[in-house]
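Student: Once you've had a glance at the structure underneath, I'll fire off some questions.
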Amino acid sequence: MASHPDLTGFRALSFDCYGTLIDWERGLTEDFAPLLARLPDSHPFRSRPLLALQRFDEVSMRLEAEHPRMPYPANLSLSFRAVAAELGVDDDDDDDDDDDDDDNDAKAVVAAAAAAVAEGPGRWPAFPDTVAALARLGRRYKLAVLSNVDEASIARAAAGPLRAGGGPQGFRGFDAVYTAERIGSYKPDRANFGFLREAARRDLGADAGAGELLHVARSLVADHVPAKEAGLPSVWIARGGDRPEGYGLGGNLEELKAAGKLGFGWTFQTLGEFAEEVERQFAEKERREAEGGR
């Protein structure tokens with residue numbers, strides 16, 4: 001008897017990338033370190049860097065909604081600079097006080113960190129379970145990415161931390177990649193999931209209306225809320241987000257549940273656990289079919 005609802009009837013999986021496959025909170029935390037180091041020891045962002053990341057994410061999502069065609073690296077850079085300005089670490093290029101060495105140093109720190117954040121999506125590390133899990137899932141389904149990034153960033157990630165390889169049993173790469181740059185809007189805009197439904201049928205042979213497409217994501221706000229609105233079944237890769245201390249950048253689970261905005265049918269802590277359950281279910285199905293054919 002399956003411990004989860006049936007997963008063997010889907011033809012394709014669509015994935016959020018950053019937060020689900022790529023450990024972007026870890027990457028952002030490292031990129032924010034030079035900025036946070038300039039704050040007083042008593043500042044709450046020093047002891048809880050996640051608070052800075054959450055403020056950054058708020059600014060970034062606002063810019064995504066207001067400027068849906070802004071390239072993602074520009075969004076990241078501007079969002080970082082906005083947080084730096086809020087913290088009083090000012091990099092205003094119009095300030096001509098060249099005698100203030102500390103001010104000049106702060107500008108240099110912010111400029112370098114903003115540049116690092118902007119190119120982070122191609123560099124931030126994958127979770128340890130990601131590539132091996134994708135290899136296993138790719139033997140059962142077509143795989144696609146639906147990501148809030150630009151084409152160049154996702155290409156660098158695919159060639160770097162998400163690199164395919166490892167022979168016939170390794171990860172063979174994604175069958176399709178759909179970015180915010182290509183679509184012209186950012187998740188959670190409904191247009192992104194409408195695009196996904198049509199593209200999956202065309203490119204992957206997976207009819208979302210017939211229940212053949214399954215969305216896999218960590219972010220509740222950016223993925224699971226609009227997936228429910230679009231009528232897509234989804235898998236939550238929680239990565240600790242089922243506990244208040246682990247909500248991170250994915251959204252507040254209890255608030256969204258209470259509002260009736262979530263509809264995911266499966267929950268796993270990691271992508272590796274999801275892949276294991278998929279293998280278990282397919283093996284059980286194949287065993288039953290073999291026994292029935294005797």
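Student: Which residue, PRO128, PRO226, PRO68, has the most motion in a Gaussian network model of the chain that connects Cα atoms within less than 10 Å?
Tutor: Among PRO128, PRO226, PRO68, the largest mean-square fluctuation in the Gaussian network model of the chain belongs to PRO128.
Student: Three principal axis extents, largest first, for the C-alpha atoms of region 108-185, in Å?
Tutor: 47, 28, 15
Student: Just to be sure I understand: with springs between alpha-carbon atoms less than 10 Å apart, which residue in SER234, SER147, SER42 has the highest mean-square fluctuation in the Gaussian network model of the chain?
Tutor: Top of the fluctuation ranking is SER42.
Student: Counting pairs of alpha carbon atoms under 8 Å apart in space and at least six apart in sequence, what relative contact order in percent does the chain give? Please list the in-between numbers first.
Tutor: Numbers: 464 pairs, mean separation 69.5, N = 294.
In percent, rounded to a whole number, it is 24.
Student: Kindly give Rg over Rh for region 1-88, based on alpha-carbon atoms, with the Kirkwood expression for the hydrodynamic radius. Don't skip to the end; give the middle numbers.
Tutor: Values: Rg = 17.7 Å, Rh = 15.4 Å.
When Rh is taken as the Kirkwood radius, the ratio is 1.15.
Student: What is the log10 of I(q)/I(0) for region 239-284, computed with the Debye formula using one identical point scatterer on each Cα and no solvent, at q = 0.19 Å⁻¹?
Tutor: With no solvent term, the Cα-only Debye profile gives -0.70.
Student: Using only C-alpha positions, report the orientation-averaged shadow area of the convex hull of the chain, nm², one decimal. Write down the numbers at each step before the final one.
Tutor: On the way: hull surface 69.7 nm².
Reported value for the Cα convex hull: 17.4 nm².
Student: At 7 Å along Cα-to-Cβ for each site, give me the label-to-label distance between GLN269 and ALA65 in nm.
Tutor: If labels sit at GLN269 and ALA65, their model points lie 3.4 nm apart.
Student: Ignoring solvent entirely, what values of log10 I(q)/I(0) come out of the Debye formula for region 199-294 at 0.10, 0.12, 0.20 Å⁻¹ when each Cα is a single scatterer?
Tutor: Normalising to I(0) and taking log10 leaves -0.35, -0.48, -1.01.
Student: Right, something else. Output wanted: per-residue J couplings in Hz (rounded whole) for region 7-23, from phi through Karplus 6.51 cos²θ - 1.76 cosθ + 1.60, θ = phi - 60°, x for Gly and Pro.
Tutor: Using θ = phi - 60°, the values come out as 10, 8, x, 8, 9, 8, 10, 10, 10, 5, 9, 8, x, 9, 9, 9, 7 Hz.
Student: Over the chain, with the other protein chains present, what is the accessible area per residue in square angstrom, probe 1.4 angstrom? Provide the component values of the computation, followed by the final result.
Tutor: Values: 13370 Å² over 294 residues.
Per-residue value: 45 Å².
Student: Name the most mobile residue of GLY260, GLY272, GLY246, meaning the one with the largest mean-square fluctuation, in a Gaussian network model of the chain with Cα contacts below 10 Å.
Tutor: So, out of GLY260, GLY272, GLY246, the one fluctuating most is GLY260.
Student: Determine the gain in length on full extension of the stretch ASP41-GLU151; use 0.36 nm per residue of separation and subtract their C-alpha separation, reporting nm with one decimal. If you can, show how the numbers build up before the last one.
Tutor: Details: separation 110, 0.36 × 110 = 39.60 nm, distance 3.91 nm.
Gain in length upon complete extension: 35.7 nm.
Student: Karplus couplings for region 105-119 from phi (6.51 cos²θ - 1.76 cosθ + 1.60, θ = phi - 60°), rounded to Hz, Gly and Pro as x?
Tutor: 5, 4, 4, 5, 4, 5, 4, 5, 5, 4, 5, 5, 5, 4, 9
Student: Pull up all non-local amide H partners of THR267: gap of 5 or more, or a different chain, and H-to-H distance under 5 Å with H placed in the peptide plane.
Tutor: TRP236
Student: Which is farthest toward the positive dipole end of region 142-184 among LEU146, ALA164, ALA176, measuring Cα position about the Cα centre, with Cβ charges +1 (Lys, Arg) and -1 (Asp, Glu)?
Tutor: Positive-end residue among those listed: ALA164.
Student: Related question: Show which lysines lie in cross-link reach of LYS257 when reach means a straight Cα distance below 28 angstrom and same-chain residues fewer than eight apart are skipped.
Tutor: LYS187, LYS228
Student: Once each part is reduced to its C-alpha centroid, what is the distance from region 127-199 to region 3-69 in angstrom?
Tutor: Centre-to-centre distance over Cα atoms comes out at 17 Å.
Student: Please get the size of the charge dipole for the chain, origin at its Cα centre, with Cβ charges of +1 on Lys and Arg and -1 on Asp and Glu, quoted in debye to the nearest 20. Walk me through the numbers on the way to the answer.
Tutor: Numbers: 35 positive and 52 negative charges, 537 e Å.
With Lys and Arg at +1 and Asp and Glu at -1, about 2580 debye.
The values are calculated or read from the model by the stated rules, or taken from the named source; none is laboratory data. Bear in mind the structure is a predicted one, so any value in this text is a computation, not a measurement. Note that we place each Cβ from the backbone using ideal geometry, even for glycine, and neighbour counts take in every protein chain shown. The area values use the complete protein model at the heavy-atom level, side chains included, leaving out ligands, DNA and RNA. Shrake-Rupley method; radii C 1.70, N 1.55, O 1.52, S 1.80 Å.
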